[in-house]
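The values are calculated or read from the model by the stated rules, or taken from the named source; none is laboratory data. Keep in mind it's a predicted model, so treat the numbers as computed, not measured. Here the Cβ positions follow ideal geometry from the backbone for every residue, glycine too, while neighbour counts run over all protein chains shown.
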């Protein structure tokens, strides 16, 4: 597998990037972290940023040593549903999936070339992540679990 640049922030998927990321489908997710403060909130130009109730920053660590830092991520239970809202809702959902075992089931792209990661259990989609921006890197050691 080629080495992903660690500092590139992606906002769209091109064919080459898709081919590399799609190769990660089927890997088990070994750690998930949902951040309380979003990078989008921190970078907001307003004096007092208003935290989003449904877009969150999430780190996904895959068993094969690759991790995603996902920014401004919307989480959907189905492709037709509204995004989940609230930090506690997202944290609870992610913790449950991680505890029960979850895999990167599929990598997809929407009509605007935004990245979509499908998390699944036993080949059944459990959560669709629509990602505003992301980085991809390699990990040697998992962060400490709370």
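Assess whether residue 26 counts as being in contact with a strand residue (DSSP E or B) (Cβ under 9 Å, 6 or more places away or on another chain), within 22 Å of residue 137 (Cβ to Cβ) and modelled with pLDDT under 95. No, not satisfied. Checked across region 82-105, the condition of being in a strand (DSSP E or B), touching a helix residue (DSSP H, G or I) at 6+ places or on another chain (Cβ under 9 Å) and farther than 23 Å from residue 143 by Cβ holds for no residue. Of everything in region 114-141 that's more than 16 Å from the chain's Cα centre (by Cα) and not in a strand (DSSP E or B), which residue is nearest to residue 100 (Cα to Cα)? Ranking the qualifying residues of region 114-141, first place goes to 122.
Assess whether residue 48 counts as being part of a loop (DSSP other than H, G, I, E, B), modelled with pLDDT under 95 and closer than 14 Å to residue 69 by Cα.
Against the criterion (part of a loop (DSSP other than H, G, I, E, B), modelled with pLDDT under 95 and closer than 14 Å to residue 69 by Cα), residue 48 does not qualify.
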